[in-house]
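The structure under discussion appears below in the form of structure tokens.
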Amino acid sequence: MSSPLLTRIDHVGIACRNLDASIEFYETTFGLTVAGRETNEAQGVKEAMLYVADAPGGASYVQLLEPLSPDTPVGKFLDNRGEGVHHIGYGVVDIEAALSQLKDDGIRLIDERSRHGSLGAAIAFLHPKSVGGVLTELVQAAGH
Ligand code: MC0
């Protein structure tokens, strides 16, 4: 039975030191292709979304994240833990309703309201201390 809240794994966010080198690795090793690239100043990253497959309500991707500076979420993560999985992004149908429900359930929100994310999506983060040590992102894909 599918979850009433989460519709798919939208993306796996991976922290890397060199975006171009990491893109090349995923292209040559797994045959993935870049669906979009963006510098997101508010999130302190330059990132690329590599398309994996279609999924209900959107698609699923690998997201590669290079920090714009050391004093950003991904910069701090690289210093503390090195390269690797940084967060999981789950698709939702209605991000504001999902945030409201999770807050009522006692989950600690990093973002009380959705923000601009990659590929035009609306995104919001849940604190890893509330989700078993996993930085968790909700994603309402553009046009959905
Ligand atoms: C930090 N911690 C993590 C973590 N980052 N745990 C799991 N996964 C992560 N990615 C843990 C640390 O190990 C530490 O635990 C505690 O959180 C505090 O860490 P800190 O280094 O002092 O960092 P803070 O507290 O300043 O910030 C952590 C926090 C931050 C998660 C609140 O990184 C944040 O707001 N992240 C959301 C935004 C983000 O990540 N943006 C980049 C992706 P201990 O046990 O040592 O206390 S932007 C993106 O992905 C967009 C473009 C998109 O998808 O469209």
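Each reported figure results from applying straightforward, stated rules to the coordinates on display, with no laboratory input. Nothing here was measured: the structure is a model prediction, and the numbers come from that model. Methodologically, a virtual Cβ is constructed for each residue, glycine included, from the backbone with ideal geometry; neighbour enumeration extends over all protein chains shown.
Listed values, structure above:
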| item | result |
| --- | --- |
| Two-decimal Rg/Rh across the chain, once Rg and the Kirkwood Rh are taken from alpha-carbon atoms | 0.95 |
| Sites residue 9 and residue 39 - FRET efficiency at Förster radius 25 Å, r taken between beta-carbons, to 0.05 | 0.55 |
| Reachable aspartates and glutamates, given that their alpha-carbon falls under 17 Å from the alpha-carbon of residue 103 and they are not under 8 places away in the same chain | 94, 111, 112, 137 |
| Loop-resident sites, the range 55-116, for trypsin sites (Lys or Arg not before Pro), counting at most 14 other Cβ within 10 Å (DSSP) | 108, 113 |
| Largest to smallest principal axis extent of the C-alpha atoms in the range 101-144, angstrom | 29, 20, 13 |
| Of the trypsin sites (Lys or Arg not before Pro) in the range 3-66, those whose Cβ has at most 15 other Cβ within 10 Å and which sit in DSSP loop | 17 |
| Where GluC sites (Glu not before Pro) fall in DSSP loop in the range 1-90, at most 12 other Cβ within 10 Å | none |
